[in-house]
Amino acid sequence: AFVAVLGTERSSRIQDLRALSGSHNLLFNKLITLMSICLSAVEAAGSLLEEAAFEGIIILLTSLLFCFYRLRVPISVVPQPKRIPVNATHRHRDHGNQKELASLLDSRQWEAALTLYESRRPQLSRGAPDVAIFDRLVLCAARCSRTKTLQGILQEMKLLGVPRSQGLYESAMRVLASGKDFGSAAELYYAMVQDGIAPSNEAQSCMVSFLAQRGDIDEAIAMFSDNFRPSIRAYMQVFRGLARLGSRSCAGQTLHMLSDMGQRDVPLDVICLNVALGTIVNAGEIAAGEELLRCHASLADTISYNILIKGLVRGGRASQAWALVKEMECFGLHLSRPTFLAFASPKNEFTRQAMTRLRLLEGRSCQ
């Protein structure tokens, strides 16, 4: 192309060079454009030059320009398509999976979120794990009572090195307990301990409640260790669990827990007193019930006396039961319907008197 241009007349060289600039090679186009500019300058001042000198100048300029662009401009200036690494593609897909999972969790589609997690578990496990997503999945599985899925998510968190906090375990325990799934809540407590996380005092109190609700009274009582500061609520749960069992051995365990309350300086209230008293009396330990009532006479109310009166009448000690009625009157306690109905069965020498008092009580209530 250069030879052809140089072989033409001077007047048409610039036009021929501009015609050559239509090439698809960008480097060639730039070179031709600069040559045409130089040629125009030389053409304006080179009318007096000899043809040979003019041709030499053109060849020298062409060589210099070519060397200059050969060094400065890359050979291939055609833009290449951007190559995306394989790992970047996986990261993009993983981010899309996490985004879709977060959207399901935000819209409270618990079952759909767990199904997506199980179907795309390998993809979600790649790359940097999202701690917030895993925490929400744990609570989501607890809400849906999917214990196996919950355990699988916690195991996956361990393998990936995702931290499991005390708050995460205890929140999941509360969610399970709200759905009456006390067994799964207890298993999650043990999993927290095995994970090396020390449970809070509140979590230990909840664990006592879980075990008592499940009927594992011995395990519940064993929770009362030295590093546990139980509340009155924890004792109440144990007393109610013992009351449900109703065996004679429950009376001894109830007395033991009452003694433990005193040693720990946990104040006894009237509700707890009545539950414990009912457990002891129903187990047939009337003497222990009488002693308990005497020790806490300042807390006793009408229900406390009614429990003991009923136990005494059933045990064939109606006279002592009637003496408690008199004692209630002396203390200014309210005599209720159950107070007199306790003397109706089995019948005794105070049955008639009790029924008369009951009719008088009902008559006053009607007025």
Item to check | Enumeration of residues in region 180-189 that are open to solvent by less than 30 Å² (accessible area, probe 1.4 Å) and modelled with pLDDT under 90 | outcome: Gly183
Checklist entry - Here are Gly167, Gly278, Gly262, Gly196: which of them is closer than 19 Å to Ser304 by Cβ and without any contact (Cβ under 8 Å) to a residue 24 or more places away in the chain? => result Gly262
Next on the checklist: So Leu360 ticks every box in (1) farther than 23 Å from Ala300 by Cβ; (2) modelled with pLDDT of 90 or more; (3) among the aliphatic types (A, V, I, L, M) but one. Which box is left unticked?
Outcome noted: (2)
Checklist entry - Just wondering, is there one or more residues in region 217-236 that are assigned to a helix (DSSP H, G or I) and in contact with a Gly (Cβ under 6 Å, 6 or more places away or on another chain)? => result yes
Next on the checklist: Quick check on Ala287: is it without any contact (Cβ under 8 Å) to a residue 12 or more places away in the chain, out of contact with any strand residue (DSSP E or B) (no Cβ under 6 Å at 6 or more places or on another chain) and either more than 17 Å from Met236 (Cα to Cα) or part of a helix (DSSP H, G or I) (or both)?
Outcome noted: yes
Checklist outcome for this item: Screening Ala141, Ala177 for residues that are buried (at least 19 other Cβ atoms within 10 Å of the Cβ), touching a Cys at 6+ places or on another chain (Cβ under 7 Å) and assigned to a helix (DSSP H, G or I) leaves only Ala177
Checklist entry - Taking Val266 and the conditions (1) of a type in the set (Val, Ile, Thr); (2) in a loop (DSSP other than H, G, I, E, B); (3) closer than 28 Å to Leu154 by Cβ, which numbered condition does it fall short on, given that it satisfies the others? => result (3)
Checklist entry - Does Tyr117 qualify as being modelled with pLDDT of 90 or more and among the aromatic types (Phe, Trp, Tyr)? => result no
Item to check | Residues satisfying the stated conditions in region 323-359, i.e. part of a helix (DSSP H, G or I), acidic (Asp, Glu) and exposed (fewer than 12 other Cβ atoms within 10 Å of the Cβ) | outcome: Glu329
Checklist entry - How many of the residues making up region 259-275 are of a type outside the set (Val, Ile, Thr) and under 36 Å from the mean Cα position of the chain (by Cα)? => result 8
Item to check | Residue under evaluation Asp218, criteria (1) within 21 Å of Val238 (Cβ to Cβ); (2) open to solvent by less than 40 Å² (accessible area, probe 1.4 Å), criterion not met | outcome: (2)
Checklist entry - Just a yes or no: is a residue in region 237-244 under 33 Å from the mean Cα position of the chain (by Cα), farther than 28 Å from Gly332 by Cα and part of a loop (DSSP other than H, G, I, E, B)? => result no
Next on the checklist: Condition first: more than 14 Å from Asp195 (Cβ to Cβ), part of a helix (DSSP H, G or I), of a type in the set (S, T, N, Q) and more than 11 Å from the chain's Cα centre (by Cα). Now tell me which residues in region 144-172 satisfy that.
Outcome noted: Thr147, Thr149
Next on the checklist: Can you tell me which of (1) surrounded by fewer than 17 Cβ atoms within 10 Å (Cβ to Cβ); (2) among the small types (Gly, Ala, Ser); (3) touching a helix residue (DSSP H, G or I) at 6+ places or on another chain (Cβ under 8 Å) is the one Ala251 doesn't meet?
Outcome noted: (1)
Checklist entry - Hey, any hits in region 307-320 for a residue that's over 25 Å from Pro267 (Cα atoms), among the basic types (Lys, Arg) and crowded, with 18+ Cβ neighbours inside 10 Å? => result yes
Item to check | Failed item, numbered, when Asp260 is tested on (1) assigned to a helix (DSSP H, G or I); (2) among the acidic types (Asp, Glu); (3) modelled with pLDDT under 90 | outcome: (3)
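For region 190-199, indicate whether the set of residues that are part of a loop (DSSP other than H, G, I, E, B), open to solvent by 40 Å² or more (accessible area, probe 1.4 Å) and out of contact with any His (no Cβ under 7 Å at 6 or more places or on another chain) is non-empty.
Yes, there is a match, as at least one residue in region 190-199 is part of a loop (DSSP other than H, G, I, E, B), open to solvent by 40 Å² or more (accessible area, probe 1.4 Å) and out of contact with any His (no Cβ under 7 Å at 6 or more places or on another chain).
The values are calculated or read from the model by the stated rules, or taken from the named source; none is laboratory data. Treat the numbers as computed from the prediction; the structure is a model and nothing was measured. Note that we place each Cβ from the backbone using ideal geometry, even for glycine, and neighbour counts take in every protein chain shown. Only protein heavy atoms, including side chains, enter the accessible area calculation; ligands, DNA and RNA are left aside. Shrake-Rupley method; radii C 1.70, N 1.55, O 1.52, S 1.80 Å.
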